[in-house]
Amino acid sequence: MDIHIVRMTQKYAVEALCWKYEKPYDFYNNVLTTSAIVELLGGGYYAMVDSSHRLIGFFCTGRSAKVPAGDRNAAYIEDCVDLGLGMNPQLTGKGHGDPFLKRILHFIEQEHKGKAIRLTVASFNKRAIQLYEKNHFIKEHQFRYKGIEFITMKRNNPSI
């Protein structure tokens with residue numbers, strides 16, 4: 001899969017916000033609102049496209065990648081690059097996750113040399129957790145938010 005990272009645009013933001021995932025992943029469905037578009041255009045989001053400029057997925061770093069309850073539960077104390085990501089639901093579960101994640105990790109490791117990368121995942125998302133573990137993320141903290149259990153996972157940057 002040929003994956004290019006580009007700045008998030010309004011077109012890609014609207015498309016990503018309209019994605020609909022099957023149960024139980026429908027937890028990740030968004031609502032298309034002006035504030036949601038503004039969030040994705042706020043600077044910390046990137047679109048991932050194929051060679052035909054079709055949207056494969058997106059990712060963000062920083063505060064947008066954190067779940068609010070994590071701060072209250074001391075899950076985000078360590079200084080790390082926080083990562084949030086989403087893949088087009090038409091591509092999930094078909095073996096595209098590994099190259100997708102590897103492309104993101106390479107980008108972040110180049111931009112943030114020497115910093116660990118942390119992500120937060122819903123604990124029911126076994127498929128994602130397995131992918132993250134395969135890519136050297138280690139489970140760290142657990143906390144609940146709006147009735148869902150979340151796990152933070154950390155990967156040390158190889159350039160450390």
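With LYS139, LYS113 as the choices, which residue is charged (D, E, K, R) and either part of a loop (DSSP other than H, G, I, E, B) or closer than 23 Å to GLU39 by Cα (or both)? I'd like the intermediate steps shown before the answer.
Details: LYS139 fails: either part of a loop (DSSP other than H, G, I, E, B) or closer than 23 Å to GLU39 by Cα (or both).
So the residue among LYS139, LYS113 that is charged (D, E, K, R) and either part of a loop (DSSP other than H, G, I, E, B) or closer than 23 Å to GLU39 by Cα (or both) is LYS113.
Within the stretch 25-73, which residues are under 17 Å from the mean Cα position of the chain (by Cα), assigned to a loop (DSSP other than H, G, I, E, B) and not hydrophobic (A, V, I, L, M, F, W, C)?
Passing the criteria: ASN29, ASN30, GLY42, GLY43, GLY44, LYS66.
Residue check, ASP82 against (1) open to solvent by less than 20 Å² (accessible area, probe 1.4 Å); (2) out of contact with any Lys or Arg (no Cβ under 8 Å at 6 or more places or on another chain); (3) within 20 Å of TYR145 (Cα to Cα); (4) not hydrophobic (A, V, I, L, M, F, W, C), all met but one. Which one?
(2)
Kindly provide the set of residues from the stretch 7-21 that are open to solvent by 50 Å² or more (accessible area, probe 1.4 Å) and farther than 13 Å from MET87 by Cα, ordered by number.
Looking only at the stretch 7-21, we keep the residues that are open to solvent by 50 Å² or more (accessible area, probe 1.4 Å), and these are 7, 9-11, 15, 18, 20.
Answer for the stretch 7-21, where residues must be open to solvent by 50 Å² or more (accessible area, probe 1.4 Å) and farther than 13 Å from MET87 by Cα: ARG7, THR9, GLN10, LYS11.
Have a look at GLY95, GLY57, GLY70 and point out the one that is surrounded by fewer than 16 Cβ atoms within 10 Å (Cβ to Cβ) and among the small types (Gly, Ala, Ser).
Only one candidate qualifies: GLY95.
Please find, within the stretch 127-151, the residue that is farthest from TYR25 (Cα to Cα) out of those that are open to solvent by 100 Å² or more (accessible area, probe 1.4 Å) and at pLDDT below 95.
Initial filter on the stretch 127-151 (open to solvent by 100 Å² or more (accessible area, probe 1.4 Å)): 127, 130, 134, 136, 138-139, 142, 144, 146.
From what is left, the residues that are at pLDDT below 95 are 127, 144, 146.
Working: ARG127: 10, ARG144: 17, LYS146: 16 Å.
Going through the qualifying residues, I end up with ARG144.
For the stretch 59-81, state whether one or more residues are closer than 25 Å to PRO24 by Cβ, in contact with a His (Cβ under 8 Å, 6 or more places away or on another chain) and at pLDDT 95 or above.
Looking through the stretch 59-81, none of the residues is closer than 25 Å to PRO24 by Cβ, in contact with a His (Cβ under 8 Å, 6 or more places away or on another chain) and at pLDDT 95 or above.
For the stretch 100-126, how many residues are under 21 Å from TYR25 (Cα atoms) and more than 14 Å from the chain's Cα centre (by Cα)?
3
The values are calculated or read from the model by the stated rules, or taken from the named source; none is laboratory data. Computed from a predicted model, the values in this text were never measured in an experiment. So basically every Cβ, Gly included, is an ideal-geometry build from the backbone, and we count neighbours across all protein chains shown. The area values use the complete protein model at the heavy-atom level, side chains included, leaving out ligands, DNA and RNA. Shrake-Rupley method; radii C 1.70, N 1.55, O 1.52, S 1.80 Å.
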